[in-house]
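Notes follow the structure.
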Amino acid sequence: MPPTDASADTGAVPVHPGRPGPAEDSRDCEDTLDLRLPDEFLALVAGTTPGSPGSYSSPSRLDVRDLLDQVGTWGPTKTPVGLFHLLPVQVERDLPIISGWMNDPGVAAFWQLAGSRAQTEDHLRAQLAGDGRSVPCLGMLDGTPMSYWEIYRADLDPLARHYPARPHDTGVHLLVGEVADRGRGLGSALLRAVADLVLDRRPACARVVAEPDLHNTPSVAAFLNAGFRYACEVDLPAKRAALMIRDRSLRHLM
């Protein structure tokens with residue numbers, strides 16, 4: 001089963017297709033149409049050439065499928081907790097550590113990817129073999145892998161059925177891998193850093209969005225501390241979620 005939530009520290013979650021939620025009072029949560037890529041674009045799909053297995057390096061060739069302004073080229077960024085770098089997942093290199101995190105009880109309760117490595121591998125390869133609208137990444141802090149991220153086009157995701165998506169809205173999913181790294185502010189610091197990376201590297205993107213479980217209070221708090229605002233509640237197939245938005249126009253105020 002695909003994931004339904006992240007660790008308690010952040011709560012960023014993958015979303016599944018399903019019925020639209022009820023009409024909301026907030027203009028951020030009006031129902032919208034499902035969006036898809038044009039067939040002409042999908043015809044351009046091509047492969048990628050990864051870096052050397054076992055080395056933490058970015059892909060050596062750009063992917064024509066990319067819809068996220070080449071996440072692998074964004075480079076490291078300084079944060080209050082250290083130098084952080086998003087690296088697109090290479091399954092052969094990263095599967096053992098990501099699968100281990102998915103089997104941590106605090107993560108498994110929300111992501112629902114505990115079990116064999118094959119289950120995690122299927123989840124990763126589904127994104128890597130897709131049309132480029134979601135990029136799974138390893139989060140490196142001072143050179144050490146410590147988190148798993150999914151950077152995705154929210155306007156092209158089933159989430160767009162549940163709120164008034166705008167072109168190039170970009171979503172984030174996050175889990176912090178080690179128990180010792182949770183609950184001490186790392187999630188908020190890195191969420192802010194990644195949201196700022198998205199806005200810096202994706203000039204067409206005006207908003208970064210996330211959808212933590214409404215009842216996951218630590219997760220919602222982490223997003224608020226990272227400069228996201230609470231927009232509204234949305235009914236997703238697996239949960240009632242809080243739609244969190246970080247606006248380009250407000251990023252220097254929050």
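No value in this document is a laboratory result; all are computed from the given coordinates. Predicted model, so just to flag it, every value in this text is computed and none were measured. Here the Cβ is made from the backbone with ideal geometry for all residues, glycine too, and neighbour counts use every protein chain on show.
When +1 charges are put on Lys and Arg Cβ atoms and -1 charges on Asp and Glu Cβ atoms, the dipole computed for the stretch 80-185 relative to its Cα centre reaches about 180 debye.
When +1 charges are put on Lys and Arg Cβ atoms and -1 charges on Asp and Glu Cβ atoms, the dipole computed for the stretch 114-254 relative to its Cα centre reaches about 320 debye. Of the peptides 236-247, 82-93, the ranking by mean beta-carbon count within 10 Å, highest at the top, reads 236-247, 82-93. Packing, as the average of other Cβ atoms within 10 Å across residues, places the peptides 168-177, 117-126, 204-213, 138-147 in the order 168-177, 204-213, 138-147, 117-126, highest first.
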